[in-house]
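For reference, the structure discussed in these notes is given below.
The values are calculated or read from the model by the stated rules, or taken from the named source; none is laboratory data. Keep in mind that what you see is a predicted model, and the values were worked out from it rather than measured. For neighbour counting, all protein chains shown are included, and Cβ atoms are generated from backbone atoms with ideal geometry for every residue, glycine included.
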Amino acid sequence: MVANLGPGLAAALASAAAMTAIVGLRYLVTSGFFAWLTGRVRPGLYQGLGPQIGAEIRWSLLSAAIYGVPAGIVAWGWRERGWTRIYTDVHDWPLWWLPASLFAYLFLHDTWFYWTHRALHRPRLFVLAHAVHHASRPPTAWAAMSFHPIEALTGAVVVPALVFLVPIHVAVLGLVLLIMTVMGITNHMGWEMFPRRLIHSRPGGWLITASHHHRHHEQYRCNYGLYFRFWDRLCGTDRGLLAP
Ligand SMILES: [Zn+2]
Ligand SMILES: [Zn+2]
């Protein structure tokens, strides 16, 4: 039993370490790209924010480890032990499930985020676990993963838990992670990259972009959502957009 567990455990830990490195690198490359883009599109926007950006990078790299460990262990279990409901043949489930599963993952993640985020704004939890994220005033492209470890843990468990519950094609899972990464960064980068026409359109009115999340960083007790404005609107916490 121990002999059996030994190599498996070592491989799972190696996968956790590798995933931590991947998440950390992904953060540095994508945040670095959008920070560079910000310098081109809004020169001087991050002027004088050097110390804040340093703190954002340190907290984000710590978060990368907290995200990488469960993701790495689940990835190992998927490859080696047949864990999870991730599938690789698109015909394992009806084709309509490909877009439906994308929406399901985003909606479930958004729901988890909205309610945990509201809890994190209760005074004691805020001081303990969420003040780190709000220390970014105004946030920058480097703040995407700038979380206290407790907050990082609440975010890190979502996708590794969902893959055990909701079937998803491996490519759609990649798309979920891409959307999660890009929106996490662009919602914090301090300017709106999406065209006004989309933001102010009817479907655009249900989506969260920088104009929506920026207001959360300005006013705190509103606009708690992650991808969609569904819960904010339903619960009366949506205060609309604020052009950053
Ligand atoms: Zn934020
Ligand atoms: Zn908040």
Restricting segment 116-164 to residues that are β-branched (Val, Ile, Thr) and farther than 30 Å from residue 82 by Cα, which is farthest from ligand 2 (Cβ to nearest atom)?
140
Taking segment 185-238 and keeping residues assigned to a loop (DSSP other than H, G, I, E, B), more than 22 Å from residue 146 (Cβ to Cβ) and in contact with a helix residue (DSSP H, G or I) (Cβ under 6 Å, 6 or more places away or on another chain) leaves 229, 238
Pick out the one residue from 45, 5 that is outside any helix (DSSP H, G or I) and either modelled with pLDDT under 95 or buried (at least 17 other Cβ atoms within 10 Å of the Cβ) (or both).
45
Is there a residue being without any contact (Cβ under 8 Å) to a residue 40 or more places away in the chain, polar (S, T, N, Q) and assigned to a helix (DSSP H, G or I) anywhere in segment 22-41?
no
Condition (residue is surrounded by fewer than 21 Cβ atoms within 10 Å (Cβ to Cβ), under 24 Å from residue 35 (Cα atoms) and in contact (Cβ under 8 Å) with a residue 40 or more places away in the chain) applied to segment 199-215: is it met by at least one residue?
yes
Would you pick out the residues in segment 216-230 that are surrounded by 16 or more Cβ atoms within 10 Å (Cβ to Cβ), within 14 Å of ligand 2 (Cβ to nearest atom) and over 14 Å from residue 183 (Cα atoms)?
216, 217, 222, 223, 224
Checking residue 83 against (1) hydrophobic (A, V, I, L, M, F, W, C); (2) in contact with a helix residue (DSSP H, G or I) (Cβ under 7 Å, 6 or more places away or on another chain); (3) in a helix (DSSP H, G or I): exactly one of these is not met. Which one?
(3)
State all residues of segment 138-168 that are surrounded by fewer than 20 Cβ atoms within 10 Å (Cβ to Cβ) and in contact with a strand residue (DSSP E or B) (Cβ under 7 Å, 6 or more places away or on another chain); if no residue qualifies, say none.
167
The residue from 143, 152 that alone is within 16 Å of ligand 1 (Cβ to nearest atom), aliphatic (A, V, I, L, M), under 17 Å from residue 68 (Cβ atoms) and touching a residue at least 60 places away in the same chain (Cβ under 8 Å) is 152
